[in-house]
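Just so you know, all these numbers are worked out from the coordinates, no wet-lab data involved. Just so you know, these numbers come straight off a predicted model, no measurement behind them. Cβ: placed from backbone, ideal geometry, glycine included. Neighbour counts: every protein chain shown.
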Amino acid sequence: MNNMDIDTIAFASTFGLVSIFLLLYWAPVVIAGLRGHPQTMAIAVLTLLAGWTALGWLIALVWACTAVDRPGMAVYESTPSRAIRPLIRAAY
């Protein structure tokens, strides 16, 4: 192996590790964005300023995964809906 091959392998390895690190570092922001979290920008700021600490990153991750309250979201009903009731009656 010559020096150029070693340099290429070192560069590719470093590039891969840095890419993985950046993806993990910004994971809370990516998760919040994909979930449509209303506080995505605040999560991004927290990740930027305190994400380098394990506690700051963990807080940002938990915040990104918290429930998103959307207007018009379906509410869980404990009783069957009108469309299902005839099917339930027919089964008995």
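Observations
- Length released on extending from VAL30 to VAL18, taking residue separation times 0.36 nm less the Cα-Cα span: 2.6 nm
- Among the chymotrypsin sites (Phe, Trp or Tyr not before Pro) in region 1-57, those placed in a DSSP loop whose Cβ has at most 15 other Cβ atoms within 10 Å are TRP52.
- Efficiency of FRET between ILE6 and TRP52 - r from beta-carbon atoms, R0 35 angstrom, step 0.05: 0.65
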